[in-house]
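Since the structure comes first, as structure tokens, the remarks are kept for the end.
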Amino acid sequence: MKILKIELQNINSLKSAVPIVIDFENEQFKDVGLYAITGATGAGKTTILDAVTIALYHNVPRFNGTKGTLLNVVSHGANEAFSRITFENNDVIYEASWSIRLGSSTGKKLLNPQEKVSLKNLSSGKILADQKRNLLVEVIYVTQLNYNQFLRSVMLAQGEFASFLTAKGCLLYTSDAADDSLR
């Protein structure tokens, strides 16, 4: 799995009037194989990583073992938020997204926040899922990784470095290319 683009708006400390876009296909990232996210405390480093897991799995590592929900990731005072990632796996490009609206266009708080999710195969133009339960199943299918596997193999969450260093064993998973072409 290769992440090609991260887009987010009004997630945690990264509140903005326009979407924040990190495009790894941009010329400035060309020929860079390893990325480091650095900055001062509170600058939004973990928020960028949260945006990835929100779009894919509707979960964030910092909520593990807490009662935190995705309502808690919306920037203070924002009426809406979104996270979208574009990624490639087995030569197919996908887009996973999550958005939430907490208030109307006039600013009135909604009694029931409106969440939307989507997983699209951008290579074929096919929408694979637009409901939470189906999206999670499809994300696992196309990435071959559940949430915990993703956190261990693609993204090391803040505070999990000690677990990484002391991990025992390794699981290698392969899939049949013919099955992947169906999606």
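The values are calculated or read from the model by the stated rules, or taken from the named source; none is laboratory data. Since the model is a prediction, treat every value here as computed from it, not as a measurement. Ideal geometry is used to build each Cβ from the backbone, glycine not excepted, and the neighbour counts take in all protein chains shown. Surface areas here come from the heavy atoms of the whole protein model, side chains and all, with no ligands, DNA or RNA. Shrake-Rupley method; radii C 1.70, N 1.55, O 1.52, S 1.80 Å.
Accessible surface of residue 137 in the full protein assembly, 1.4 angstrom probe, to the nearest 10 Å²?
Here the residue's solvent-accessible area equals roughly 90 Å².
Quick one: net charge around residue 20, please, counting Lys, Arg +1 and Asp, Glu -1 for every other residue with C-beta under 12 Å from its C-beta.
Here the charged neighbours net out to +1.
Students often get this wrong, so check it: of 15/109; 45/116; 5/109; 5/126; 109/132, which have C-alpha atoms separated by over 21 Å?
Distance filter (> 21 Å) returns 45/116; 5/109; 109/132.
Around residue 2, with a cut-off of 12 angstrom between Cβ atoms, what is the net charge of the other residues, counting Lys and Arg +1 and Asp and Glu -1?
-2
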